[in-house]
Amino acid sequence: MAGMKSLLDHLQCTACERRYSADDLHTVCPDCGRVLFARYDLDAARGLAPRVLEGRPTTMWRYAELMPVRDQANVVTLGEGMTPLLRAARLGRIYGFERLFIKDEGLNPTGSFKARGMSAALSRAKELGVTIAAAPSAGNAAGALAAYGAAAGIETTVIIPADAPAINKLESSVCGARVYLVKGLISDAARILQAAGPKRGWFDVSTLKEPYRVEGKKTMGLEIAEQFNWQLPDAIIYPTGGGTGLIGMWKAFDELEQLGWIGAARPKMISVQAAGCAPIVRPFAENKAVSEVWTDAQTVAAGLRVPHPFADYLILRTIRESGGTAISVSDAEIIAAMHEMARTEGLFACPEGAATLVAFKRLAASGLLRPEERVVLLNTGSGLKYAELVHAEFPIIDPSEPGAIDTL
């Protein structure tokens with residue numbers, strides 16, 4: 001990665017707009033407690049053209065100028081990013097959309113898009129001298145934190161709902177994290193971390209409570225732009241729990257426009273949530289700027305069971321600025337869509353990713369999405385991590401029994 005250098009300049013609060021040094025260790029804005037964004041000296045990069053990417057590693061770190069690690073020796077990578085943008089030709093024909101695509105994040109290390117955020121966060125944490133990191137998680141972020149912590153030589157602690165998918169607990173443990181289970185939701189895990197973390201010296205890498213996980217997630221937007229030859233799609237349908245990817249992609253598009261690599265056109269950013277936990281759908285419909293805590297949150301899609309996203313104001317702002325919408329879908333629809341996506345496209349999607357197919361079908365039927373438009377569904381993880389959600393019975397053949405093969 002010789003010759004690749006970050007243009008990181010400073011940190012800026014997304015609410016009060018105060019600026020801070022990017023070379024100091026920060027979580028949220030010290031002044032107002034809101035989300036901090038990494039800002040880059042894009043004026044210094046105006047001479048860059050997309051051809052600068054030629055020959056670079058096919059990972060998310062190919063965009064080094066727009067990534068927050070100053071010394072490339074501090075990059076902690078397991079090969080994350082540059083996931084395929086698959087043309088969903090068979091699904092598209094069924095629903096009359098010739099330009100339907102699926103961005104398959106299940107092929108990332110640790111099996112989900114959480115690898116991107118943790119690669120960026122742990123790389124920058126390592127660069128700034130962090131030795132112990134912790135996060136609450138609905139599941140996949142825990143495994144990613146544990147894996148990248150191991151690769152970085154950083155001790156990790158994760159606090160996970162006791163009913164999170166079993167593989168996430170095992171993955172976190174086998175990668176060396178201290179794993180604590182909580183009787184409750186990710187919001188309960190976050191409160192425990194907030195109370196215990198400072199006493200134990202844990203650096204908090206919770207969703208959008210430090211500035212760099214979103215920098216990893218924004219690379220989905222950079223890749224989508226590059227994979228479409230710097231012409232953005234008309235709509236991106238994104239399953240929204242904490243919303244980091246939605247916010248990050250929107251940030252990426254702004255940075256690319258400042259570089260002159262794309263124009264001003266933007267995709268409609270469409271947020272999908274579960275009917276049993278839809279804290280963004282309600283305030284969007286009511287034209288409110290922030291959300292309220294969703295009570296009794298329940299859904300089979302663990303990543304969508306986030307009753308009060310910390311960056312709700314940024315999620316809602318992004319949806320509205322893009323001309324998008326927010327929609328909720330039922331668990332029964334999600335499970336059915338997992339089967340439909342697998343049987344039609346050969347893609348075993350996670351339930352969160354399957355939720356985007358449900359939303360697409362509904363919005364296509366309503367006319368909000370039009371057949372001539374180019375639409376991207378974000379499958380955020382592998383269905384293999386949620387195997388307990390699908391069930392099947394199989395005939396058993398005993399080859400020692402006469403005539404057994406004739407029963408086929």
Next on the checklist: Show log10 I(q)/I(0) for the stretch 275-408 at q = 0.09, 0.12, 0.20 Å⁻¹, two decimals, from a solvent-free Debye sum over equal Cα scatterers.
Outcome noted: -0.37, -0.57, -1.25
Item to check | Cα shape, the stretch 194-344, gyration tensor, a/c 1.5 rule | outcome: oblate
Checklist entry - When the scattering of the stretch 333-408 is computed by the Debye formula from its Cα atoms alone, each counted once and equally, what is log10 I(q)/I(0) at q = 0.12, 0.13, 0.16, 0.26 Å⁻¹? => result -0.48, -0.53, -0.66, -1.15
Checklist entry - Considering the stretch 211-281, what Rg and Dmax in Å follow from its alpha-carbon atoms? => result 12.6, 42
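So what's the projected area for the stretch 1-103, the Cα convex hull averaged over all directions, in nm²?
Values: hull surface 39.9 nm².
Seen from a random direction, the Cα hull of the stretch 1-103 projects 10.0 nm² on average.
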Item to check | Dipole axis of the stretch 42-149 (+1 Lys, Arg; -1 Asp, Glu on Cβ), positive-most option in Leu78, Thr59, Ala142 | outcome: Thr59
Item to check | Computed helical MRE - 222 nm, the chain, DSSP H runs ≥ 4 contributing -39500 (n - 2.57), nearest 500 | outcome: -10000 deg cm²/dmol
Next on the checklist: Need the list of lysines near Lys103 for cross-linking: C-alpha distance under 28 angstrom, and skip anything on the same chain fewer than eight residues off.
Outcome noted: Lys5, Lys114, Lys169, Lys209, Lys217, Lys218, Lys251, Lys268, Lys361, Lys385
Item to check | Cα-based Rg of the stretch 39-157 normalised by 2.2 N^0.38 Å, two decimals | outcome: 1.27
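Let's see if you can work this out: charge +1 on each Lys and Arg Cβ, -1 on each Asp and Glu Cβ, no other charges. What is the dipole magnitude of the chain about its Cα centre, in debye to the nearest 20? Walk me through the numbers before you get to the answer.
Numbers: 43 positive and 45 negative charges, 153 e Å.
Approximately 740 debye in magnitude.
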Checklist entry - Radius of gyration and Dmax for the stretch 69-130's Cα atoms, expressed in Å? => result 16.6, 52
Checklist entry - Within the chain, what percent of beta bridges assigned by DSSP are antiparallel, to the nearest 5? => result 30 percent
Checklist entry - All other residues with a Cβ under 12 Å from the Cβ of Gln298 taken together, and with Lys, Arg as +1 and Asp, Glu as -1, what is their net charge? => result -2
Item to check | Stokes-Einstein translational diffusion, the chain - Kirkwood Rh over all Cα pairs, 0.692 mPa s, 37 °C, in µm²/s | outcome: 152 µm²/s
Checklist entry - How large, in percent, is the carbon and sulfur part of the accessible surface of the stretch 1-146 at a probe radius of 1.4 Å? => result 47 percent
Checklist outcome for this item: Rounded to whole angstrom, the alpha-carbon centroid of the stretch 240-280 lies from that of the stretch 199-238 at a distance of 9 Å
Checklist entry - Using the alpha-carbon centroid of each, what span in Å lies between the stretch 91-141 and the stretch 34-77? => result 17 Å
Checklist entry - Taking a ≥ b ≥ c as the square roots of the eigenvalues of the Cα gyration tensor of the stretch 138-224, is the shape rounded (a/c under 1.5), prolate (a/b larger than b/c) or oblate? => result rounded
Checklist entry - Dividing the convex hull volume of the alpha carbon atoms of the stretch 193-237 by its residue count, what do you get in Å³ per residue? => result 82 Å³
Next on the checklist: What percent of all Cα-Cα pairs in the stretch 163-213 falls into each 5 Å bin, going from 0 up to the bin containing the maximum distance?
Outcome noted: 4, 17, 23, 27, 24, 6
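Give the residue list of GluC sites (Glu not before Pro) in the stretch 251-288 that are DSSP loop and have at most 13 other beta-carbon atoms within 10 angstrom. Please list the in-between numbers first.
Details: sites: Glu255, Glu257, Glu286; in loops: Glu286.
Sparse-neighbourhood loop GluC sites (Glu not before Pro): Glu286.
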Next on the checklist: So if I restrict to the alpha-carbon atoms in the stretch 241-311, what is the Rg, and what is Dmax, the biggest pairwise distance, in Å?
Outcome noted: 14.5, 46
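Could you work out the per residue convex hull volume over the alpha carbons of the stretch 87-191, in cubic angstrom?
Working: hull volume 13.5 nm³, N = 105.
In the stretch 87-191, the Cα hull volume divided by residue count equals 128 Å³.
Counting DSSP beta bridges with both partners in the stretch 34-183, what percentage is antiparallel, nearest 5? Write down the numbers at each step before the final one.
Values: 3 of 13 bridges.
Counting only bridges with both partners in the stretch 34-183, antiparallel ones make up about 25 percent.
The values are calculated or read from the model by the stated rules, or taken from the named source; none is laboratory data. Treat the numbers as computed from the prediction; the structure is a model and nothing was measured. Heads up, the Cβs are rebuilt from the backbone with ideal geometry, glycines too, and the neighbour counts pull from every protein chain shown. When the accessible area is computed, the model is the full protein with side chains, heavy atoms only, and any ligands, DNA or RNA have been set aside. Shrake-Rupley method; radii C 1.70, N 1.55, O 1.52, S 1.80 Å.
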